[in-house]
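**Student:** Next up is a structure, given as structure tokens.
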Amino acid sequence: MARALQLAERGRWTCDPNPRVGCVLVRDGECIAEAWHTRAGEAHAEILALRAAGGDTAGATAYVTLEPCSHYGRTPPCADALIEAGIARVVAAATDPNPRVAGRGLDRLREAGVAVTAGLMAEQSERLNPGFFRRMRAGLPYVRAKLAASLDGRTAMASGESRWITSEAARRDVHRWRAGSGAIVTGVDTVIADDPQLTVRDVEADFLPPRRVVMDTDLRTPPDAGLLADERGVVLIHGGTMPAREPDLVHAGAELWHVAPGEDGHVSPTAALEALAGVEINEVWMEAGPRLTGAWIQAGVVDELIVYLAPHLMGHEGRPLLSLAGLEVMADRLPLTWMDQRRVGEDLRLTLRVREPEEV
């Protein structure tokens, strides 16, 4: 199963919106074939492994990182293919959270006389597919918020100057995270202040270009913004309060999504994420200013923080890491959980969990 998980990892950048799945076929203690799912609409890991075995699979055991599907989606059911191939035993890591499967694949295998074991390294399988599991269970993508700061927690000088806080190695690392995400989200204030491209650069691998998304309640994005200067497409999620601005932005190439504002007058983070989940976005990479990022954290929709700390000091007059309103006493603190910490070039990358995943 550990090998199957390694294989599944190879589909990290290409198989969205499907989950990353690996499969290993074993008979008489020897691996006879292995494969991973590479792209939605193409054969799943189990089918590719069966093909790699050349039809000689009778009596084999299939180790698969996610329950074999039992329904016709983009491809036929994998459970049926395993049965027809004479697989004697299936060991699945996690049960598929998709309501269309949700144990039915394992039941179909058992009914056909296949021995079934489930739950081996299930946590690792879910950790490999946090967005797919969260979207299926809660109807929302998995959100990672990226932050970059000096050691004293400053994201810009008092003047607003911020390039570059982190090293070139850290910036390359950010592009790899972007490449593995279904969408990159920023706020309109960042668009106006920095005119970002939000593209993926310097990643020498096959990947699906992420959607570029701007939270823009009042449609303040300039029609000549750099985001709109190419054909990659930009989604502006707005509150419908400035319809007069819509024609210019549509003409400039923006795709406008109307989401009703929340009580504070801004687009609801949950509603925006529900809209992204509706187009099968599994994982969101957020690169926004301290106010929007702080608001999303306090709204409870951010799952992880990816924080790059640079080894320099910028002074107490610099701009803070986050804007978090209402934290006045120690009891108001927002608890975080350490997930990982490592050096990236000259910087330190910290990964912290903000919210716990949904229970199975």
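The values are calculated or read from the model by the stated rules, or taken from the named source; none is laboratory data. Worth saying up front: this structure is predicted, and the values here are computed from it rather than measured. Cβ placement follows ideal geometry from the backbone for every residue including glycine, while neighbour counts extend to all protein chains displayed. These accessible areas exclude ligands, DNA and RNA; they are computed on the full protein's heavy atoms, side chains included. Shrake-Rupley method; radii C 1.70, N 1.55, O 1.52, S 1.80 Å.
**Student:** Kindly indicate whether any position in region 191-206 is surrounded by 20 or more Cβ atoms within 10 Å (Cβ to Cβ) and touching a His at 6+ places or on another chain (Cβ under 8 Å). Walk me through how you get there before you give the answer.
**Tutor:** Filtering region 191-206 down to residues surrounded by 20 or more Cβ atoms within 10 Å (Cβ to Cβ) leaves 191, 198, 200.
From what is left, the residues that are touching a His at 6+ places or on another chain (Cβ under 8 Å) are 200.
Yes, the conditions are met somewhere in region 191-206.
**Student:** Another question, if that's okay. If you take the residues in region 306-318 that are touching a Ser or Thr at 6+ places or on another chain (Cβ under 7 Å) and in a strand (DSSP E or B), which one is nearest to ILE165 (Cα to Cα)?
**Tutor:** Per the criteria, the residue is ALA310.
**Student:** Of GLY153, GLY103, which residue is more than 22 Å from the chain's Cα centre (by Cα), of a type outside the set (A, V, I, L, M) and under 25 Å from MET1 (Cα atoms)?
**Tutor:** Numbers: GLY153 fails: under 25 Å from MET1 (Cα atoms).
Sole residue among the options that is more than 22 Å from the chain's Cα centre (by Cα), of a type outside the set (A, V, I, L, M) and under 25 Å from MET1 (Cα atoms): GLY103.
**Student:** Which condition from (1) under 24 Å from the mean Cα position of the chain (by Cα); (2) modelled with pLDDT of 90 or more is the one that HIS312 breaks?
**Tutor:** Among (1) under 24 Å from the mean Cα position of the chain (by Cα); (2) modelled with pLDDT of 90 or more, the lone unmet condition for HIS312 is (1).
**Student:** Further question on the same structure: Could you tell me whether ARG20 is within 25 Å of the chain's Cα centre (by Cα) and at pLDDT 95 or above?
**Tutor:** Details: within 25 Å of the chain's Cα centre (by Cα): yes; at pLDDT 95 or above: yes.
Yes.
**Student:** All but one of (1) among the aliphatic types (A, V, I, L, M); (2) in contact (Cβ under 8 Å) with a residue 60 or more places away in the chain; (3) open to solvent by less than 30 Å² (accessible area, probe 1.4 Å); (4) more than 17 Å from ARG211 (Cβ to Cβ) hold for LEU273, so report the exception by its number.
**Tutor:** Among (1) among the aliphatic types (A, V, I, L, M); (2) in contact (Cβ under 8 Å) with a residue 60 or more places away in the chain; (3) open to solvent by less than 30 Å² (accessible area, probe 1.4 Å); (4) more than 17 Å from ARG211 (Cβ to Cβ), the lone unmet condition for LEU273 is (4).
**Student:** When SER323 is evaluated against the numbered criteria (1) polar (S, T, N, Q); (2) at pLDDT below 95; (3) open to solvent by 60 Å² or more (accessible area, probe 1.4 Å), which criterion, by number, is the only one it fails?
**Tutor:** The failed condition is (3).
**Student:** Same structure again: Could you tell me which numbered condition ARG333 fails, if it satisfies all but one of (1) touching a residue at least 24 places away in the same chain (Cβ under 8 Å); (2) among the basic types (Lys, Arg); (3) over 30 Å from VAL235 (Cα atoms)?
**Tutor:** (1)
**Student:** Next question, about the same structure. Among the residues of region 299-320, count how many are under 21 Å from ALA288 (Cα atoms) and either surrounded by 13 or more Cβ atoms within 10 Å (Cβ to Cβ) or aliphatic (A, V, I, L, M) (or both).
**Tutor:** 15
**Student:** Restricting attention to region 38-60, which residues are outside any loop (DSSP other than H, G, I, E, B), among the small types (Gly, Ala, Ser) and open to solvent by less than 40 Å² (accessible area, probe 1.4 Å)?
**Tutor:** Step one: of region 38-60, the residues outside any loop (DSSP other than H, G, I, E, B) are 45-52.
Subset that is among the small types (Gly, Ala, Ser): 45, 49, 52.
Passing the criteria: ALA45, ALA49.
**Student:** Return yes when ARG353 is open to solvent by 70 Å² or more (accessible area, probe 1.4 Å) and either among the charged types (D, E, K, R) or closer than 26 Å to PHE132 by Cβ (or both) and no when it is not. Even if it seems obvious, please write down each step before you answer.
**Tutor:** Details: open to solvent by 70 Å² or more (accessible area, probe 1.4 Å): no; either among the charged types (D, E, K, R) or closer than 26 Å to PHE132 by Cβ (or both): yes.
The answer is no for ARG353.
**Student:** Now for a different question. Restricted to region 1-37, and to residues that are of a type in the set (D, E, K, R) and surrounded by 20 or more Cβ atoms within 10 Å (Cβ to Cβ), which residue is farthest from ALA179 (Cα to Cα)? Outline the logic, then answer.
**Tutor:** Start the filter on region 1-37 by keeping residues that are of a type in the set (D, E, K, R), which leaves 3, 9-10, 12, 16, 20, 27-28, 30, 34.
Add one more test, that the residue is surrounded by 20 or more Cβ atoms within 10 Å (Cβ to Cβ), and what stays is 16, 20, 34.
Values: ASP16: 11, ARG20: 15, GLU34: 25 Å.
Among those that are of a type in the set (D, E, K, R) and surrounded by 20 or more Cβ atoms within 10 Å (Cβ to Cβ), it is GLU34.
**Student:** Moving on to the next point. With a cut-off of at least 1 residues that are among the small types (Gly, Ala, Ser) and under 24 Å from the mean Cα position of the chain (by Cα), name the strands (runs of 3 or more DSSP E) lying wholly within region 200-305. Working first, answer last.
**Tutor:** Working: elements: 211-215, 234-238, 254-258, 283-286.
In region 200-305, the matching strands (runs of 3 or more DSSP E) lie at 254-258.
**Student:** Please state which one of ALA79, ALA35 is more than 18 Å from GLY131 (Cβ to Cβ), assigned to a strand (DSSP E or B) and not charged (D, E, K, R).
**Tutor:** Checking each option against the conditions leaves just ALA35.
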